[in-house]
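Just below is one structure, and these are the notes that go with it.
The values are calculated or read from the model by the stated rules, or taken from the named source; none is laboratory data. What you are looking at is a predicted structure, and each value in this text was computed from that prediction instead of being measured. Here the Cβ positions follow ideal geometry from the backbone for every residue, glycine too, while neighbour counts run over all protein chains shown. Accessible surface is based on the protein model in full, side chains and every heavy atom, while ligands, DNA and RNA are left aside. Shrake-Rupley method; radii C 1.70, N 1.55, O 1.52, S 1.80 Å.
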Amino acid sequence: MAGKFDQNDASVVVVVGSGAGGGTLAAELALKGVKVVCLEAGGRHEMEDYINDEWASFAQLAWTDMRTTSGNWRVSRDFANLPAWIVKAVGGSSVHWAGASLRFQDHEWKARTTYGEIAGAALLDWPIDSAEMAPWYARAEDRMGVTRTNGVAGLPGNNNYKVLEAGAKKLGYKEVSTGRMAINSAPRDGRGGCQQIGFCFQGCKSGAKWSTLIAEIPKGEATGNLEVRPNAYVVRIEHDATGKVTGVVYFDKEGREQRQKARIVAVAGNSLESPRLLLNSASTMFPNGLANSSGQVGRNYMRHMTGSVYGVFEKPVKMWRGTTMAGIVQDEARHDPKRGFVGGYEFETLSLGLPFMAAFLDPGGWGRSFTSAMDGYDHMAGMWIVGEDMPRADNRVTLSSAKDKYGYPVANVHFDDHPNDVAMRNHAYRQGAAIYEAVGATRTFPTTPYPSTHNLGTNRMSENARDGVVNRWGQTHDVKNLFVSDGSQFTTGAAENPTLTIVALALRQADYIANQMAKNVI
Amino acid sequence: MQQQHDQTPRGRPHIDRRLFLTGAAGATIVVLSGAIFHPQEAWALETKNLKPETMRTLIKLARDIYPHDRLADKFYAVAVKGFDEKSSDAAMRNTIETSIAELDAMAKAAFGAPYADVGWEWERTQLLQKISATPFFQTVRGGLVVSLYNQQEVWPLFGYEGESASKGGYINRGFNDIAWL
């Protein structure tokens, strides 16, 4: 493979994955003058290639390679080999995300301290806090063009938002808006304004939505310091006799085994693939997997407490028109244990097209109860609920007995809902239904969580090496030239959509890595 | 980069040459010399691997699983056509033929008629409830939920507008036109 950088060039930083974490880190390092090879398992599809058609787009972009599941979560029953709805393409899941860009609340960095001991949960405080992250959030918001920050106007509300807003206000909710979105309300930073196309999940065809593919990677490539190598499926990280990592083994598009040497390796393959890669990199020196002396690699898998509520009204809504996540209600995001659970959650509008509505409204459902709901499709409004879920040691990614086409074990994803997750979901279902009933819904549907889009926490950040996998910089406790740069670093999940935090952490990590390289510490 | 519509295993089915116009007259699906005919909707379907009687029952079964009274039978026929194609595999063919024969036997025992000729939907649904946990039912339902609702031709019947980027999105076409709130 004739790439920009030689595969034997051991001076490069190798970033595995090109999504919100990896793509941002790779571009930012390149902008700082560091040579980077970013290996992406999927292909490169530019924005004009995206398809306004749910199943066709899913075939184009989704990670559909085999995974297995276990546990009491319903996804394991309905979608046994599809635990997550994430992307395998340059840009990763930043191609698919809806754009909601919310900062953590102050207390969410200190969940263990704030919530106390919760039975059956492995809560831990992050080793960093709100004050430390504030400047990085500010940089991320500017970089991504987040609405309602830096003087960027909010997006206009579509039909689906107007229903949510009217219902929420009737119920007495106050924090109701079209939210902070990394979707341009007007042209900015070389990208256009939102055309209200819909299909945000299928890749934004107007370029209004921030993704690493469209906003970060081109800037990195323009420096000459970044090579993004698509169709490079990394299976193993190698190390030398001193325990330092030396490069990665991957398979190219033709299925040939390749090696890329590296000075530093940063893993950003999403919370399912990142721990899998570390576990599959076990060696004589690291028999339990790389960076896993704590036994924490793969543990504390979080997926956010999620669910959806759809309401059917007497008159049409046409919720699919315009921005998919068009608005938010934040009143329930606070920590208020009087509601019967710790942590909080958000309501955010959501719409699915007819094909995905059929697949996800009530997976496995059939008969008149199901089809009469579908008959109301154009009279439906929809919302997603997203809240903090509890980390649990046994909710974890392990190596499955099933193997991929190269013979490496695939990820098994085990998840059992914590009672706190269940209590929060039931509260959110009730309140969500009440929002729609307040403006005349004749029927509401408490829809079960979809395959996970927010995959977090399987290489968690911890002050002490025994409690987690990486330190405050996302650097593994065990191997100083090995980093984790995606949502798997999350110590706890908070109530907010994770992408802004992933990007802020990646910008901060890039700063750290560049400094450490300049000082020749790593 | 090529769009991958045609490469997806879940791509939507199309009415092919085997589903052709006919001039016959009548009301329901009839089986005649190796094919099924729908005189009212003026189409016919020749099966490749399954018995035509089986295909007729599958179409009925498909409507009973996802009953939409505003959808013509042809959409259900298109939705189950893939099962005939997949039945070039002997194991698949055997599963479907055996399962439909069992369903017919259950229907005759309970209501005195093969499944497709049982009069009331609620009667047929009672039978489906009994087999709803079987791999056969799960396979048919799991295929149908894609092959029925992913037909672009049915989308307008639900009001769904599909692709919008080529039309400039909805920014000037009613993204916020709700008037009844």
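If I ask for residues that are more than 14 Å from every other protein chain (Cβ to nearest Cβ) and open to solvent by 20 Å² or more (accessible area, probe 1.4 Å), which ones from the stretch A:12-61 would you list?
First, the residues of the stretch A:12-61 that are more than 14 Å from every other protein chain (Cβ to nearest Cβ): A:12-41.
Passing the criteria: A:L31, A:K32, A:G33, A:K35, A:A41.
Residues in the stretch B:77-106 that are in a helix (DSSP H, G or I) and charged (D, E, K, R): B:K81, B:D84, B:E85, B:K86, B:R93, B:E97, B:E102, B:D104. Condition (residue is part of a loop (DSSP other than H, G, I, E, B) and over 24 Å from A:G23 (Cα atoms)) applied to the stretch A:157-168: is it met by at least one residue? Checked the stretch A:157-168: at least one residue is part of a loop (DSSP other than H, G, I, E, B) and over 24 Å from A:G23 (Cα atoms). So is B:G119 without any contact (Cβ under 8 Å) to a residue 24 or more places away in the chain and open to solvent by 60 Å² or more (accessible area, probe 1.4 Å) or not? Yes: the conditions hold for B:G119.
Taking the residues in the stretch A:143-156 that are in contact with a Phe, Trp or Tyr (Cβ under 9 Å, 6 or more places away or on another chain) and over 11 Å from A:M181 (Cβ atoms) as candidates, determine which candidate is farthest from the other protein chains (Cβ to nearest Cβ). Among them, the one singled out is A:R143. Only residues that are in contact with a Gly (Cβ under 8 Å, 6 or more places away or on another chain), on the phi > 0 side of the Ramachandran plot and crowded, with 21+ Cβ neighbours inside 10 Å were counted in the stretch A:145-196, giving 2. Among the residues of the stretch A:74-95, those that are touching a strand residue (DSSP E or B) at 6+ places or on another chain (Cβ under 9 Å), open to solvent by less than 10 Å² (accessible area, probe 1.4 Å) and either polar (S, T, N, Q) or outside any helix (DSSP H, G or I) (or both) comprise A:P83, A:A84, A:I86, A:A89, A:V90, A:S94, A:V95.
Residues in the stretch B:139-181 that are in a helix (DSSP H, G or I) and facing chain A (nearest Cβ under 7 Å): B:R141, B:V145, B:V146, B:W155, B:F158, B:A165.
Applying the set (1) in contact with a Phe, Trp or Tyr (Cβ under 8 Å, 6 or more places away or on another chain); (2) at negative phi; (3) within 14 Å of chain B (Cβ to nearest Cβ); (4) part of a loop (DSSP other than H, G, I, E, B) to A:G311 leaves exactly one unmet item: (4).
Please indicate, with yes or no, whether at least one residue in the stretch B:89-111 is more than 19 Å from B:V31 (Cβ to Cβ), out of contact with any strand residue (DSSP E or B) (no Cβ under 8 Å at 6 or more places or on another chain), open to solvent by 70 Å² or more (accessible area, probe 1.4 Å) and within 14 Å of another protein chain (Cβ to nearest Cβ). Checking the stretch B:89-111: not a single residue is more than 19 Å from B:V31 (Cβ to Cβ), out of contact with any strand residue (DSSP E or B) (no Cβ under 8 Å at 6 or more places or on another chain), open to solvent by 70 Å² or more (accessible area, probe 1.4 Å) and within 14 Å of another protein chain (Cβ to nearest Cβ). Which number in (1) in a helix (DSSP H, G or I); (2) in contact (Cβ under 8 Å) with a residue 12 or more places away in the chain marks the one condition that A:A59 misses? Looking at each condition in turn, A:A59 falls short on (2). Across the stretch A:151-187, what is the number of residues that are without any contact (Cβ under 8 Å) to a residue 12 or more places away in the chain and in contact with a helix residue (DSSP H, G or I) (Cβ under 6 Å, 6 or more places away or on another chain)? Of the residues in the stretch A:151-187, 0 are without any contact (Cβ under 8 Å) to a residue 12 or more places away in the chain and in contact with a helix residue (DSSP H, G or I) (Cβ under 6 Å, 6 or more places away or on another chain).
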